[in-house]
Amino acid sequence: PNYARTRALHDLVRKHIRSGDGGMAHDAAEGGLLVALAESAMAGGSGASLHAPLSTQDAFREGPDLILVGCTAEGAQAVTEAARSAGVPVRALGAVGGDHLTDGGELSVAVERRRPRPKSPPARQPRRSARPKKRRQRKRP
C-alpha cells in the first residue's frame, strides 16, 4: 500500500468524524466494503442502495487504505473535494435509506437493526466469611 496516501486517508476520515456533520466511517479491513456496508446498515438500522453492483474485487478487497464513509448529501461534496485535494481516491457508492441493502442488480437484503449486546453483570465481590481469619504469627528467630 501507499503509506503516505493511507495516512492522508486516515487524517481525512478523522477530520470528517470530528467535524460533527453526522458522518460515520467503517474500515474495510475485515471482509471488504460490502461487509462494512452491511455492518453499518445493521448498526444504524437503515438500508442503502448502491448506484451499481460492486465487482467481486471491489466488494471484498481488504486493507487499511479502504474506508466506507457516510455523510449527508451536502457533506458528500465537501468530503469528495477534501479527498481529491489530499490526493486520496474517492468514489460515491450510493445513498443511505430504506429497509434493504440493494446493489442496483440482483442483491436485495432486508436490514434489521442489530440488537445491542447485553451488558455483562458486574463482577462479583469475593464473599467474606462471618468469622475473621486468624492471622498466622511468624516465629521470630
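The values are calculated or read from the model by the stated rules, or taken from the named source; none is laboratory data. All figures in this text were calculated on a predicted structure; none of them were measured in a lab. Here the Cβ is made from the backbone with ideal geometry for all residues, glycine too, and neighbour counts use every protein chain on show. Side chains are part of the model used for accessible areas, which takes the heavy atoms of the whole protein and leaves out ligands, DNA and RNA. Shrake-Rupley method; radii C 1.70, N 1.55, O 1.52, S 1.80 Å.
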Exercise for review: Evaluate the range 35-54: report whether one residue or more is farther than 21 Å from GLY97 by Cα and either modelled with pLDDT of 85 or more or open to solvent by 50 Å² or more (accessible area, probe 1.4 Å) (or both).
Suggested key: no
Check your understanding: Looking at (1) farther than 24 Å from ALA4 by Cα; (2) among the hydroxyl-bearing types (Ser, Thr, Tyr); (3) at pLDDT 70 or above, which is the only condition SER129 fails?
Key -> (3)
**Study point:** Answer residue from the range 93-110, given it is among the acidic types (Asp, Glu) and open to solvent by 70 Å² or more (accessible area, probe 1.4 Å) and is farthest from MET42 (Cα to Cα) among those
**Key:** GLU106
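Quickly run through the range 30-78 and pick out the residues that are touching a Pro at 6+ places or on another chain (Cβ under 9 Å) and part of a helix (DSSP H, G or I).
As a first pass, look at the range 30-78 and keep what is touching a Pro at 6+ places or on another chain (Cβ under 9 Å): 59, 63-65.
Hit for the range 30-78 is ALA59, nothing else.
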Exercise for review: Please work out which residue is most open to solvent (accessible area, probe 1.4 Å), limiting yourself to the range 5-30 and to residues that are over 16 Å from GLN77 (Cα atoms) and acidic (Asp, Glu).
Suggested key: GLU30
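Looking only at the range 82-92, filter to residues that are of a type in the set (A, V, I, L, M, F, W, C) and open to solvent by 40 Å² or more (accessible area, probe 1.4 Å); which one of those is nearest to ALA4 (Cα to Cα)?
ALA86
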Point to revise | Output for the range 56-81, where each listed residue is of a type in the set (A, V, I, L, M) and surrounded by fewer than 16 Cβ atoms within 10 Å (Cβ to Cβ) | key: ALA73, ALA78
